[in-house]
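The values are calculated or read from the model by the stated rules, or taken from the named source; none is laboratory data. Quick caveat, the model's predicted, so the values are computed rather than measured. All Cβ positions, glycine included, derive from the backbone under ideal geometry; neighbour counts span all protein chains shown.
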Amino acid sequence: MGVPKSDLPQGTLDLLILKTVALGPVHGYAIAQRLQQVSRDVVQVPGGSLYPALHRLENRRLLEAEWRKTETGREAKFYRLTRKGRAHLESGAASWQRLSEAVGLILGFVEGGAR
C-alpha cells in the first residue's frame, strides 16, 4: 500500500530524496526504489511526483546532476547532494525529529494525566 503524494506533509518528499541521494550518486528510478525498499513499501513515489521534485531540488541548488550510464548501459541523470543540500537535509531532519517526538508525546497523552 503506497502513500499518495498528498498524504506526505509539505517538504517531506524533498527531505526523503535528499537523504537517499546523500548515500551516493543515484538516478531517479533508483531513488524511488530505495525509498520503497527502505520504507518497507509504505512510501511509493510515482514518477509524476519524483521527477518534478528532483528538478525543483536541482533548481534550488540542493542537488547537482550529470548524465552517466546505468548498470544496464542506459543513459540516466545521476543526482548528488550539494553542500547547500547537505545543510538543508541536516536542518530538515532535525526539525522532523523534533516534530515526531512532539507528536509521539501528544498521541501518548492519556486524559487525566500523562501515561
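In table form, for the structure just shown:
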quantity: Which numbered condition LEU63 misses (of (1) hydrophobic (A, V, I, L, M, F, W, C); (2) surrounded by 10 or more Cβ atoms within 10 Å (Cβ to Cβ); (3) at pLDDT 95 or above; (4) over 13 Å from the mean Cα position of the chain (by Cα)); calculated: (4)
quantity: Filter result for TYR29 (in contact (Cβ under 8 Å) with a residue 40 or more places away in the chain, in a strand (DSSP E or B) and of a type in the set (Ser, Thr, Tyr)); calculated: no
quantity: Residues satisfying the stated conditions in the range 66-115, i.e. farther than 21 Å from LEU18 by Cα, under 21 Å from the mean Cα position of the chain (by Cα) and among the acidic types (Asp, Glu); calculated: GLU101
quantity: Residue match in the range 81-89 (condition: loosely packed, with under 14 Cβ neighbours inside 10 Å, without any contact (Cβ under 8 Å) to a residue 60 or more places away in the chain, out of contact with any Gly (no Cβ under 6 Å at 6 or more places or on another chain) and of a type in the set (Lys, Arg)); calculated: yes
quantity: Condition check for ALA76: closer than 14 Å to HIS27 by Cα, part of a helix (DSSP H, G or I) and in contact (Cβ under 8 Å) with a residue 40 or more places away in the chain; calculated: no
quantity: Test: LYS84 is charged (D, E, K, R) and either modelled with pLDDT under 95 or on the phi > 0 side of the Ramachandran plot (or both); calculated: no
quantity: Residue in the range 13-20 that is farther than 22 Å from SER91 by Cβ and either part of a loop (DSSP other than H, G, I, E, B) or charged (D, E, K, R) (or both) present; calculated: no
